[in-house]
Each structure stands twice: as C-alpha cells, then as structure tokens.
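Notes to accompany the following structure.
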C-alpha cells in the first residue's frame, strides 16, 4: 500500500490530505478562527 500526505498552507486555512493507493482516505481543513484539530505537522516518507 502506498500512502501519500499532501499539505497546503494558505493565509486563511491549512489543508491536509492522506491518499492511499491513489484514493483519498482522509482530509482535514483548519481555519484560524476555529479550534485546532491537530498539533505539529511533520513531513516524511513511508516506504
């Protein structure tokens, strides 16, 4: 199984997507005015 993590950071929101075998498995959208859903973000490769 191949897992990829995509992170997009903008001024008004952050978007994080997890894709497994070319299919979207999870997505998080976080905006500054809302409560934080996740902590620190680390980039890495899963082999």
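The values are calculated or read from the model by the stated rules, or taken from the named source; none is laboratory data. Please read these numbers as outputs of a predicted model, since none were measured by experiment. So basically every Cβ, Gly included, is an ideal-geometry build from the backbone, and we count neighbours across all protein chains shown.
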If you take the residues in segment 25-47 that are at pLDDT 70 or above and part of a loop (DSSP other than H, G, I, E, B), which one is surrounded by the most Cβ atoms within 10 Å (Cβ to Cβ)?
31
What's the number of the condition residue 22 fails, among (1) at pLDDT 90 or above; (2) surrounded by 10 or more Cβ atoms within 10 Å (Cβ to Cβ)?
(2)
Per the filter on segment 6-19, residues closer than 24 Å to residue 33 by Cα, surrounded by 11 or more Cβ atoms within 10 Å (Cβ to Cβ) and under 10 Å from the mean Cα position of the chain (by Cα) are 6, 7, 14, 15, 16, 17, 18
